[in-house]
Amino acid sequence: QVQLVESGGGLEQPGGSLRLSCAASGIIFSINAMRWYRQAPGKGRELVAAISLGGATNYTDSVKGRFTISRDNAKNTVYLQMNSLKPEETAVYYCNAVMRTAYSDYSTNYWGQGTQVTVSS
(Lines give C-alpha, C1' and ligand atoms only; values in the text may rest on other atoms or scores of the structure.)
Protein backbone atom coordinates (compact mmCIF):
# COMPACT_ATOMS: atom_id res chain seq x y z
CA GLN A 1 0.00 0.00 0.00
CA VAL A 2 0.99 3.63 -0.33
CA GLN A 3 2.18 5.51 2.71
CA LEU A 4 3.25 9.06 3.45
CA VAL A 5 5.61 9.20 6.40
CA GLU A 6 6.54 12.51 8.00
CA SER A 7 9.61 13.16 10.13
CA GLY A 8 11.52 16.07 11.57
CA GLY A 9 9.07 17.46 14.08
CA GLY A 10 9.95 18.21 17.66
CA LEU A 11 10.43 20.94 20.22
CA GLU A 12 12.05 24.17 19.10
CA GLN A 13 12.50 27.56 20.72
CA PRO A 14 10.85 30.67 19.28
CA GLY A 15 12.98 32.00 16.45
CA GLY A 16 14.45 28.58 15.77
CA SER A 17 14.24 26.33 12.74
CA LEU A 18 12.99 22.87 11.89
CA ARG A 19 12.96 20.89 8.66
CA LEU A 20 10.11 18.49 8.05
CA SER A 21 10.33 15.65 5.56
CA CYS A 22 7.61 13.49 4.06
CA ALA A 23 8.44 10.42 2.03
CA ALA A 24 5.97 8.51 -0.10
CA SER A 25 6.39 4.75 -0.42
CA GLY A 26 4.68 2.04 -2.41
CA ILE A 27 4.18 1.47 -6.12
CA ILE A 28 3.81 5.08 -7.24
CA PHE A 29 3.48 6.11 -10.86
CA SER A 30 3.34 9.86 -10.36
CA ILE A 31 2.88 12.49 -7.68
CA ASN A 32 1.12 15.68 -8.59
CA ALA A 33 0.73 18.39 -5.97
CA MET A 34 2.33 17.94 -2.57
CA ARG A 35 1.20 20.02 0.38
CA TRP A 36 1.81 20.67 4.05
CA TYR A 37 -1.09 21.36 6.39
CA ARG A 38 -1.13 22.03 10.11
CA GLN A 39 -3.70 21.72 12.82
CA ALA A 40 -3.31 23.53 16.11
CA PRO A 41 -5.18 22.38 19.23
CA GLY A 42 -8.84 23.33 19.00
CA LYS A 43 -8.52 24.66 15.45
CA GLY A 44 -9.21 23.44 11.95
CA ARG A 45 -6.65 22.11 9.52
CA GLU A 46 -4.84 24.90 7.65
CA LEU A 47 -2.98 24.71 4.36
CA VAL A 48 0.55 25.96 4.98
CA ALA A 49 2.35 25.43 1.68
CA ALA A 50 2.00 23.61 -1.61
CA ILE A 51 4.27 22.66 -4.49
CA SER A 52 3.28 21.45 -7.94
CA LEU A 53 4.95 18.72 -9.94
CA GLY A 54 6.82 21.41 -11.83
CA GLY A 55 7.99 23.17 -8.68
CA ALA A 56 5.58 26.09 -8.49
CA THR A 57 4.96 27.00 -4.86
CA ASN A 58 2.47 28.90 -2.80
CA TYR A 59 2.22 29.70 0.89
CA THR A 60 -0.27 30.94 3.38
CA ASP A 61 0.44 34.60 4.11
CA SER A 62 1.61 34.07 7.67
CA VAL A 63 4.61 31.93 6.65
CA LYS A 64 5.77 33.75 3.53
CA GLY A 65 9.45 34.60 3.75
CA ARG A 66 10.05 32.16 6.61
CA PHE A 67 8.98 28.73 5.31
CA THR A 68 10.20 27.02 2.16
CA ILE A 69 8.59 24.00 0.56
CA SER A 70 10.63 21.85 -1.82
CA ARG A 71 10.49 18.38 -3.30
CA ASP A 72 12.81 15.68 -4.59
CA ASN A 73 10.89 13.83 -7.26
CA ALA A 74 13.49 11.08 -7.49
CA LYS A 75 12.93 10.29 -3.82
CA ASN A 76 9.15 10.94 -3.77
CA THR A 77 9.80 13.31 -0.89
CA VAL A 78 8.59 16.77 0.05
CA TYR A 79 10.26 19.04 2.59
CA LEU A 80 9.23 22.03 4.64
CA GLN A 81 12.01 24.24 5.96
CA MET A 82 10.61 26.36 8.77
CA ASN A 83 12.61 29.33 10.03
CA SER A 84 11.87 32.00 12.64
CA LEU A 85 9.30 29.77 14.26
CA LYS A 86 6.61 31.30 16.46
CA PRO A 87 4.80 29.78 19.45
CA GLU A 88 1.47 30.09 17.65
CA GLU A 89 2.80 27.70 15.02
CA THR A 90 2.67 24.85 17.48
CA ALA A 91 0.59 22.23 15.71
CA VAL A 92 0.52 18.80 14.17
CA TYR A 93 1.90 19.12 10.65
CA TYR A 94 0.48 16.83 7.98
CA CYS A 95 1.80 15.93 4.58
CA ASN A 96 -0.65 15.54 1.71
CA ALA A 97 -0.13 14.33 -1.85
CA VAL A 98 -2.20 13.53 -4.90
CA MET A 99 -0.78 10.39 -6.46
CA ARG A 100 -1.29 7.89 -9.23
CA THR A 101 -0.44 4.48 -7.83
CA ALA A 102 -0.72 0.82 -8.67
CA TYR A 103 -3.65 0.52 -6.23
CA SER A 104 -6.19 2.68 -8.01
CA ASP A 105 -7.25 3.65 -11.52
CA TYR A 106 -7.60 7.25 -10.37
CA SER A 107 -5.45 9.89 -8.78
CA THR A 108 -5.97 9.64 -5.04
CA ASN A 109 -5.45 12.06 -2.18
CA TYR A 110 -3.18 10.64 0.52
CA TRP A 111 -2.37 11.91 4.01
CA GLY A 112 0.49 11.25 6.37
CA GLN A 113 -0.02 10.50 10.04
CA GLY A 114 1.27 13.90 11.16
CA THR A 115 4.28 15.10 13.08
CA GLN A 116 4.12 17.30 16.16
CA VAL A 117 5.87 20.67 16.09
CA THR A 118 6.05 22.51 19.39
CA VAL A 119 7.49 26.02 19.57
CA SER A 120 8.14 27.01 23.14
CA SER A 121 10.84 28.43 25.37
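Check A50 against each of (1) part of a strand (DSSP E or B); (2) touching a Lys or Arg at 6+ places or on another chain (Cβ under 9 Å); (3) touching a residue at least 40 places away in the same chain (Cβ under 8 Å) and name the one condition it does not meet.
So A50 meets the others, but not (3).
Applying the selection to the stretch 63-121, what residues are small (G, A, S), without any contact (Cβ under 8 Å) to a residue 12 or more places away in the chain and within 12 Å of A24 (Cα to Cα)?
Across the stretch 63-121, the qualifying residue is only A74.
Tell me, yes or no, whether the stretch 9-20 has at least one residue that is part of a loop (DSSP other than H, G, I, E, B), touching a Phe, Trp or Tyr at 6+ places or on another chain (Cβ under 8 Å) and within 15 Å of Y79 (Cβ to Cβ).
Checking the stretch 9-20: at least one residue is part of a loop (DSSP other than H, G, I, E, B), touching a Phe, Trp or Tyr at 6+ places or on another chain (Cβ under 8 Å) and within 15 Å of Y79 (Cβ to Cβ).
Got a sec? Which of I69, I31, I51, I27 is in contact with a strand residue (DSSP E or B) (Cβ under 8 Å, 6 or more places away or on another chain), surrounded by 15 or more Cβ atoms within 10 Å (Cβ to Cβ) and at pLDDT below 95?
Answer to the check: I31.
Give the residues of the stretch 21-39 that are in a strand (DSSP E or B) and either on the phi > 0 side of the Ramachandran plot or charged (D, E, K, R) (or both), sorted by residue number.
Result: R35, R38.
So G42 ticks every box in (1) open to solvent by less than 60 Å² (accessible area, probe 1.4 Å); (2) outside any strand (DSSP E or B); (3) small (G, A, S) but one. Which box is left unticked?
With respect to (1) open to solvent by less than 60 Å² (accessible area, probe 1.4 Å); (2) outside any strand (DSSP E or B); (3) small (G, A, S), G42 is out only on (1).
The values are calculated or read from the model by the stated rules, or taken from the named source; none is laboratory data. These numbers were taken from a predicted model, which means no experiment stands behind them. Every residue, glycine among them, receives a Cβ derived from its backbone with ideal geometry; neighbour counts consider all protein chains shown. To get the accessible areas, we keep the full protein, side chains included, count just its heavy atoms, and leave off ligands, DNA and RNA. Shrake-Rupley method; radii C 1.70, N 1.55, O 1.52, S 1.80 Å.
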